[in-house]
Every structure is written in structure tokens, then in C-alpha cells.
Amino acid sequence: MLKHFFIFCSGADTDILDQCSPGEQTKYAGIGATVFFTAVMAFIASAYALYTVFDSYLSAIFFGFIWGLLIFNLDRFIVSTLKKRNNFIDELIQASPRILLAIIIAIVIAKPLELKIFEKEIDQVLLEQKNELTLQNKEQIALQYTPAITAFTTEIEVLKKEIADKEVGVNALYETYIAEAEGRKGTKIIGKGPVYKEKREKHDSELAALQDLRKTNTEKILATETQIDGLSAEYNQKISETQPVIDGFDGLMARINALNELSWLPSFFIFLLFLTIETSPILAKLLSPKSTYDLKLEEQENAVKTWNAQQAQQRVVLLQTDTNVNNRVYADIAEEQELYDYKRKKARELMQMQADAFYRKQKRIIG
């Protein structure tokens with residue numbers, strides 16, 4: 001039962017193969033087994049690849065099964081249409097498009113399995129890429145807020161500097177009137193004289209101005225810091241909104257690109273393995289000598305070709321004979337006087353009817 005199933009997978013003519021030796025049947029069963037298991041691997045590979053796209057086991061299995069059937073049909077077609085000829089060069093030319101198609105199928109099957117085999121290494125590469133994308137994302141979003149935050153920060157520094165400068169001036173006035181009272185500077189007279197009072201009043205006036213400036217600038221600083229906090233909150237919100245996109249950066253194309261970042265040698269050997277599996281039935285038929293099955297199939301095809309050629313030749317002869325007979329019949333009829341007189345009478349009647357019709361038309365026109 002299994003042998004007959006694999007023979008069916010090989011695309012061989014079972015009626016002809018039943019007339020061949022058991023060894024010939026085993027050969028085609030092996031070819032069919034290769035076709036079948038290649039389709040199974042195609043199903044597994046495509047199901048995994050589609051799972052990375054749909055994130056659904058049901059969808060991945062369904063479309064993977066369809067893809068496996070497609071690959072099975074293509075491989076079966078490739079093997080069944082490759083026929084042995086008497087010239088190896090002709091066979092190679094005949095097989096070259098099929099070999100090219102087999103290479104494409106091998107690439108399509110091998111790539112998803114490579115993604116699964118090197119999954120851990122690909123995850124590491126994806127993690128590095130996600131971290132880099134996260135930093136780039138933060139830098140790009142920061143470009144929208146950094147100028148405004150920098151301007152607000154500079155404004156705060158200016159306001160604080162105004163207070164600090166004012167405090168320096170007030171402290172200097174304080175030192176001046178204290179030194180006047182102690183007799184260390186100014187008039188150098190100890191005591192609180194008129195000069196002391198003048199300097200004290202100036203200090204008190206500047207101190208009141210300092211307090212007003214401190215109050216005003218503090219309010220401005222608090223308002224500016226509130227604006228900075230708002231911009232920082234917007235910035236963090238933008239980061240939170242865009243981060244899930246980066247975290248989801250692990251689709252099929254991202255994994256293929258990550259695989260390309262790894263060493264090419266292991267992937268190349270996996271591709272060679274599937275290429276060998278995919279092309280082995282074709283190469284087996286190319287390199288093997290003409291077998292009993294090939295001879296019987298060629299005999300059957302030649303019998304059909306001969307029959308078709310005979311039928312076509314008979315139709316040509318039949319048409320030629322019928323044409324000759326018709327020519328002789330119509331030639332004999334053309335010599336009959338009775339037929340001539342009859343056609344002459346009908347032609348006279350037709351010309352009379354045309355003349356009468358022309359007369360009536362002209363009479364209506366003249367009025």
C-alpha cells in the first residue's frame with residue numbers, strides 16, 4: 001500500500017510500471033518518497049513562516065497545508081515530465097528549467113527552517129536591533145521637545161541669575177553700611193551718623209526690591225518648571241506609545257534580515273541539503289540509463305504518434321480525393337445544355353425585373 005502511494009507520488013504511469021520488474025517499481029517508489037517528504041518539509045517550513053506572520057496556529061497550519069500541496073504538485077510535475085532521450089545533452093537541456101525551478105523551491109523551503117534552527121541567535125540580533133531602534137526613537141522624539149525645554153531651562157537660569165546678582169548687590173550694600181557704622185570704611189567714624197543712615201536706607205530699599213524680585217522670579221520659575229514637566233510628560237507618553245511598535249519588530253522580514261546578519265556558511269549548507277533533496281529525483285533520472293519503464297513509455301508514445309500521423313495522412317488523401325471527384329462532377333454538369341437553357345431563362349427574368357424596378361423609381365422622382 002505504501003509502495004503504491006509513493007509510486008503515485010512519483011507521477012509514473014502505473015499501468016506501464018506494473019509490467020516492469022520489482023526493481024524498477026522500487027526505484028520509482030524511492031523517487032515518489034523523496035517528492036512526498038519534500039512536500040512535508042515544505043509544509044513544516046511554510047507553517048512556521050506563516051505563524052510568524054499571522055500569530056495563529058490554525059491559519060498557519062491551513063495555509064501551510066495548501067503550500068505543501070502546491071510544492072508536492074510541482075515536484076510531481078517536474079519528475080513526471082522528465083523523459084529519457086537518446087542524447088544526454090538533450091536530456092540536460094530538457095531538465096534545465098526543471099532544475100532551476102527545483103533550486104527556487106529549495107530556497108523557499110530552506111529559508112523558514114533556517115529561521116527556526118537559528119531562532120536563538122536571531123532573537124539576540126533582534127534584541128540588539130530593538131535596543132538600537134529604541135535609542136534612535138528616543139533621540140528622534142527628543143528633537144521635538146529639546147529646543148523648547150532648553151529655552152525654558154535657559155529662562156529659569158536667567159531668572160535665578162537676576163536674583164543672585166541682586167543678592168550680591170544687596171549684600172554689598174549691607175557690608176557698606178556696616179563698615180560705615182564700625183568706622184572701617186567711608187568716613188571711618190564709629191557710630192550711626194547721617195552717612196550710615198543714607199547707606200542703610202539705600203540697602204533697605206534694595207533689599208525690598210530683592211524680595212519683590214525673588215517673589216516675581218520664583219513665580220515665573222515655578223510656571224516655567226510646570227511647562228517643562230508638561231513637555232517631559234508628553235515626551236514620555238510618546239515613548240510609551242511608540243515602544244510597542246519596536247517591541248513587535250520580530251516579523252518574517254525582520255527575522256530574515258537578522259538571519260543575514262549571521263554567518264552565511266551554516267545557512268548555505270542547509271540550503272545545499274534541501275537543494276540535494278529537491279534535485280535528487282531529477283538527477284537520478286538524468287544519470288540512470290534507459291530502463292524498461294522508459295522503453296515501454298516511449299513505445300506507447302510512439303504508437304500514439306504513429307496513429308495520429310496515419311490519421312492525418314488519411315484525412316489529407318480523403319480531402320484530395322473528394323476534391324477531385326467534385327471537380328469532375330461539376331465539370332460534367334457544366335457541359336449540359338438543359339442546365340444552360342434554364343439558367344439563361346432565369347437570368348433574362350431577373351434582368352427584366354431590374355429594368356422594371358428602375359423605371360418605376362425614375363417615374364416617381366420625375367413626378
Check: Do the conditions hold for residue 23, that is, is it among the small types (Gly, Ala, Ser), more than 22 Å from residue 117 (Cβ to Cβ), free of Cβ contacts under 8 Å to residues at least 40 places away in the same chain and assigned to a helix (DSSP H, G or I)?
Finding: yes
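So for the stretch 17-35 (the condition being at positive phi and either modelled with pLDDT under 80 or touching a helix residue (DSSP H, G or I) at 6+ places or on another chain (Cβ under 8 Å) (or both)), does at least one residue qualify?
Taking the stretch 17-35 and keeping what is at positive phi, we get none.
No: the stretch 17-35 contains no residue that is at positive phi and either modelled with pLDDT under 80 or touching a helix residue (DSSP H, G or I) at 6+ places or on another chain (Cβ under 8 Å) (or both).
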Next item on the list: Could you tell me which residue of the stretch 213-266 is modelled with the highest pLDDT, considering only residues that are of a type in the set (Gly, Ala, Ser) and not in a helix (DSSP H, G or I)?
Entry: 263
Notebook entry, point to check: Here are some conditions: (1) surrounded by 10 or more Cβ atoms within 10 Å (Cβ to Cβ); (2) at pLDDT below 85; (3) under 30 Å from residue 17 (Cα atoms). Residue 287 meets all but one. Which one does it not meet?
Noted result: (1)
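Restricting attention to the stretch 87-102, does a residue exist that is of a type in the set (Ser, Thr, Tyr) and surrounded by 15 or more Cβ atoms within 10 Å (Cβ to Cβ)?
Initial filter on the stretch 87-102 (of a type in the set (Ser, Thr, Tyr)): 96.
Subsequent filtering for residues that are surrounded by 15 or more Cβ atoms within 10 Å (Cβ to Cβ) retains none.
No, the conditions are met nowhere in the stretch 87-102.
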Item checked: Flag if residue 270 is assigned to a helix (DSSP H, G or I) and under 45 Å from the mean Cα position of the chain (by Cα) -> yes
Next item on the list: For the stretch 211-231, indicate whether the set of residues that are surrounded by 13 or more Cβ atoms within 10 Å (Cβ to Cβ), among the hydrophobic types (A, V, I, L, M, F, W, C) and more than 20 Å from residue 154 (Cβ to Cβ) is non-empty.
Entry: no
Item checked: Output for the stretch 273-309, where each listed residue is of a type in the set (Lys, Arg), assigned to a helix (DSSP H, G or I) and touching a Lys or Arg at 6+ places or on another chain (Cβ under 9 Å) -> 285
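The values are calculated or read from the model by the stated rules, or taken from the named source; none is laboratory data. Given the structure is predicted, the values throughout are model-derived calculations rather than measurements. With ideal geometry, Cβ positions are generated from the backbone for all residues, glycine too; neighbour counts draw on all protein chains shown.
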